[in-house]
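Participant: Quick one: the structure is below, and I'll ask about it shortly.
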Amino acid sequence: MIDRLADLIAKLEAAPNGSDKLDREIAMVCDIKWSPEEDGNFGGYDLLPRRCYFTSSLDAALTLVPEGLHEEIKRAKHRKGWRVNLWNDHGLGQSADAPTAPLAICIAALRARHP
């Protein structure tokens, strides 16, 4: 699991933008059940659409942030474009830089889920 997560985070860090392939890998690593036979459902529940747009939608990416963490999303003045900081009430958390805000959220959230 940790190797898969590290590989996925590396792919997200290298990605110029979101993709369906990355979205599916996130769902697999996070154990989000996906079945193309289910009409727009994940795991039989209407929690997420048939295809999760984790890497291209702010709302979808934010569903990955572990409970109890607060997020700060800001445009960074450096080559990556966006910086996301996640922290808890004790100030502990993760940060990530990426070309798009959803990618940065995904990276920080995955790091926070499995430090």
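The values are calculated or read from the model by the stated rules, or taken from the named source; none is laboratory data. Remember, it's a predicted structure, so these values are computed and weren't measured experimentally. Cβ coordinates were reconstructed from backbone atoms using ideal geometry, including for glycine residues, and neighbour counts include every protein chain displayed.
Participant: Quick check on the range 48-63. Is at least one of its residues under 21 Å from Asp7 (Cα atoms), in contact with a Lys or Arg (Cβ under 7 Å, 6 or more places away or on another chain) and at pLDDT 90 or above?
Facilitator: Scanning the range 48-63 turns up no residue that is under 21 Å from Asp7 (Cα atoms), in contact with a Lys or Arg (Cβ under 7 Å, 6 or more places away or on another chain) and at pLDDT 90 or above.
Participant: Those residues that are in a strand (DSSP E or B), over 11 Å from the mean Cα position of the chain (by Cα) and of a type in the set (A, V, I, L, M, F, W, C), I need them from the range 85-115; list them, please.
Facilitator: Residues satisfying the conditions are Leu86, Trp87, Ala98.
Participant: Name the residues in the range 1-15 that are part of a helix (DSSP H, G or I) and under 22 Å from Ala101 (Cβ atoms), would you?
Facilitator: Of the range 1-15, the ones part of a helix (DSSP H, G or I) are 2-14.
Of everything in the range 1-15, those that are part of a helix (DSSP H, G or I) and under 22 Å from Ala101 (Cβ atoms) turn out to be Leu5, Leu8, Ile9, Ala10, Lys11, Leu12, Glu13, Ala14.
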